[in-house]
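Notes to accompany the following structure.
The values are calculated or read from the model by the stated rules, or taken from the named source; none is laboratory data. In this text, all values refer to a predicted model and were calculated from it rather than measured experimentally. Here Cβ is always computed from backbone atoms with ideal geometry, including for glycine, and neighbour counts include all displayed protein chains.
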Amino acid sequence: MLQRYLLRETLSLYLLGVLLFVGLITFDLLSSLSGAFLRAKTPVGEILLMVGYRVPHTLGIALPLGLVFALLVALARWIRLSELKAAYAAGVPPRTFIGPVVALGLVVGALVLVNEGWVKPITQERFEALQYKIYYGSEPSGVLTERTYTPQGLGVYYAQRIYPPPQGEVGSRLEGIRVVEPGGSVWSAERGVWVSGAWRLENAYRVDPSGKIFQEAEHPLPFPIGVRPKAISYEAMRMTDLHATALADPAAQFPLARRYANAVATVVLAWLAIVIGLSLRESAWAFIAVVGLIFGYYTLFTLSAQFARFDLLGAYGAWLPNLVYGGLALFGTWRLLR
């Protein structure tokens, strides 16, 4: 009975919390792009279109944070009306409330994962194309520059430029190619073609570890199937594409891990929020807890991205906020159940 009561109150506040964070994040987006809009004299229609394309990205943040807000505000009301104290006096243990909230976090986390993996990439690609047009006045060229790939067991692949395939053709054109094989042989070519499962080098030169030079008119080098060159961010890649890219591009491993970490974070945040809420004795502390939880998680979220940038923790850094907050939730649960 009490579990359903808490969930009902939480869900009644959840929409308000999600809308609150959507509004804040959207306002921040418009503020950060206002200079570009004014400089380019962007029509209102395109501005609204950008906001619309950004909604799935915004929801990826608002869905878990809105749950934290709803839980702590609902518990603040219980504390203010002494309902939580009455429940404890009646012999209802704190663990009674933790399980249903974690289950709710799992449901919301599943929604976050679907959004992160399949919904957000579609609109993010359109957002980036429109943003490029506003900034530079033209559509993106699709040309990639200075790309390095390290497919497992195949060595290091580098291309100075990668051009999108011409209309009616399948393979992408490569320029300035260098490939270092695991055995130490180095291939180089001015041009080549990236087709599914291979880089085909034209007029290729190979220097073996002994220093001997060999030349071939055309030489194929194996490359993982499924990896395709795309002039978009990792954030705009669909889950299947990002999985394939991560096999050959180490830089894609952190964004991939972060998608899963963001979904798990919904459960961890909900768990820690209910543990903190059940430990409070005054309602005013609930609002402080909302700010503290969100600020702390954002700090760790940003810090983990910086670690990835300098290759300190690799893809594991994406789990740093969850590990810290999960540890705090576990400790808080232990204290409540003593």
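Residue-level check: of (1) surrounded by 20 or more Cβ atoms within 10 Å (Cβ to Cβ); (2) at pLDDT below 95; (3) in contact with a Lys or Arg (Cβ under 9 Å, 6 or more places away or on another chain), V143 misses just (1). Test each condition in (1) in the same structural domain as G105 (by TED's automatic domain parsing); (2) surrounded by fewer than 17 Cβ atoms within 10 Å (Cβ to Cβ); (3) under 18 Å from the mean Cα position of the chain (by Cα) for G292 and report the one that comes out false. With (1) in the same structural domain as G105 (by TED's automatic domain parsing); (2) surrounded by fewer than 17 Cβ atoms within 10 Å (Cβ to Cβ); (3) under 18 Å from the mean Cα position of the chain (by Cα) applied to G292, the lone miss is (3).
The residues in the stretch 27-45 that are without any contact (Cβ under 8 Å) to a residue 24 or more places away in the chain, over 29 Å from the mean Cα position of the chain (by Cα) and at negative phi can be counted, and the count is 3.
Would you confirm whether or not the stretch 135-156 contains a residue that is among the hydrophobic types (A, V, I, L, M, F, W, C), assigned to a helix (DSSP H, G or I), more than 17 Å from L63 (Cβ to Cβ) and more than 19 Å from the chain's Cα centre (by Cα)? Checked against the condition, which is being among the hydrophobic types (A, V, I, L, M, F, W, C), assigned to a helix (DSSP H, G or I), more than 17 Å from L63 (Cβ to Cβ) and more than 19 Å from the chain's Cα centre (by Cα), the stretch 135-156 yields no hits at all.
Apart from one condition, S138 fits all of (1) without any contact (Cβ under 8 Å) to a residue 12 or more places away in the chain; (2) in contact with a Leu (Cβ under 6 Å, 6 or more places away or on another chain); the exception is (2).
Scanning the stretch 22-77 for residues that are aromatic (F, W, Y) and under 21 Å from T266 (Cα atoms) returns a single hit, F69.
Annotation note: of L104, L84, L71, the sole residue that is touching a Phe, Trp or Tyr at 6+ places or on another chain (Cβ under 7 Å), in contact (Cβ under 8 Å) with a residue 40 or more places away in the chain, within 30 Å of L336 (Cβ to Cβ) and crowded, with 20+ Cβ neighbours inside 10 Å is L84. Selection of first residues in the stretch 200-226 that are without any contact (Cβ under 8 Å) to a residue 12 or more places away in the chain and of second residues that are outside any loop (DSSP other than H, G, I, E, B), restricted to Cβ pairs under 9 Å at least 6 apart or on distinct chains, gives the following pairs, ordered by first then second residue: K212/R206; I213/Y205; I213/R206; I213/V207; F214/A204; F214/Y205; F214/R206; F214/V207. Any residue at all in the stretch 165-174 that is modelled with pLDDT under 90, surrounded by 15 or more Cβ atoms within 10 Å (Cβ to Cβ) and outside any strand (DSSP E or B)? Within the stretch 165-174, one or more residues are modelled with pLDDT under 90, surrounded by 15 or more Cβ atoms within 10 Å (Cβ to Cβ) and outside any strand (DSSP E or B).
In the stretch 261-287, the residues that are among the charged types (D, E, K, R) form Cβ pairs under 8 Å with partners that are at pLDDT below 95, at six or more places apart or across chains, as follows: R281/I79; E282/I79.
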